[in-house]
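Inspection log for the structure reproduced underneath, given as structure tokens.
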């Protein structure tokens with residue numbers, strides 16, 4: 001059991017580290033969008049490279065930050081029932097959600113995304129627009145990597161949920177309710 005908890009901790013720390021790195025990329029995205037807006041409205045000009053860089057950075061942030069978002073329970077879900085459950089009920093929802101939806105979905109995207117990226121790399125795909133960003137396989141490579149990070153964080157969530165179901169772990173919210 002301790003070994004599995006160490007695995008969870010390692011995954012959590014890894015995705016925390018990745019997420020903090022991705023946070024710095026968001027600052028870069030803000031700068032790129034600001035430059036694009038100034039160029040467009042002040043100088044009445046725009047560059048394809050800048051516009052493509054915006055969606056490349058956004059895609060990178062969205063994909064690579066997905067595991068970090070799951071770590072901090074930031075993904076959107078319909079909380080009509082979930083919010084009313086106790087920590088064991090939430091653990092069951094997370095446990096089954098990982099098993100039935102997250103793991104199969106991530107595996108499907110990683111496997112198909114890998115082929116997608118490989119094909120892009122083989123032809124050294126770049127932007128079809130003049131002045132666009134070359135090496136489009138780099139951003140396409142974020143698809144399988146991002147979903148692999150999400151899958152890893154799903155393993156941690158799955159194990160934490162299993163620990164909560166079996167009573168081996170009580171989340172902070174459950175400790176507060178038990179103390180009251």
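You will find that of 116, 121, 101, the residue that is over 25 Å from residue 12 (Cα atoms), in a helix (DSSP H, G or I), free of Cβ contacts under 8 Å to residues at least 40 places away in the same chain and under 21 Å from the mean Cα position of the chain (by Cα) is 116 and no other.
Annotation note: Cβ proximity below 6 Å between a residue of region 148-175 that is at negative phi and surrounded by 16 or more Cβ atoms within 10 Å (Cβ to Cβ) and a residue that is modelled with pLDDT under 95 and not in a helix (DSSP H, G or I) (sequence gap 6+ or interchain) occurs for 163/169. Every condition in (1) in contact with a helix residue (DSSP H, G or I) (Cβ under 8 Å, 6 or more places away or on another chain); (2) surrounded by fewer than 13 Cβ atoms within 10 Å (Cβ to Cβ); (3) within 25 Å of residue 69 (Cβ to Cβ) is met by residue 131 except one, and the failing one is (3). When region 35-88 is filtered for residues that are outside any helix (DSSP H, G or I), free of Cβ contacts under 8 Å to residues at least 24 places away in the same chain and farther than 22 Å from residue 143 by Cα, the ones remaining, listed by number, are 42, 43, 44, 45, 46, 78, 83, 84, 85.
Among residues belonging to region 93-102 that are in contact with a helix residue (DSSP H, G or I) (Cβ under 8 Å, 6 or more places away or on another chain) and surrounded by fewer than 16 Cβ atoms within 10 Å (Cβ to Cβ), point out the one that is farthest from residue 164 (Cα to Cα). Let's see the steps before the verdict.
Going residue by residue through region 93-102, those that are in contact with a helix residue (DSSP H, G or I) (Cβ under 8 Å, 6 or more places away or on another chain) are 93-95, 98-99, 102.
Restricting the remaining residues to those that are surrounded by fewer than 16 Cβ atoms within 10 Å (Cβ to Cβ) gives 93, 99.
Values: 93: 12, 99: 16 Å.
Per the criteria, the residue is 99.
The values are calculated or read from the model by the stated rules, or taken from the named source; none is laboratory data. Every value quoted in this text rests on a predicted model; they were computed, and no experiment measured them. Methodologically, a virtual Cβ is constructed for each residue, glycine included, from the backbone with ideal geometry; neighbour enumeration extends over all protein chains shown.
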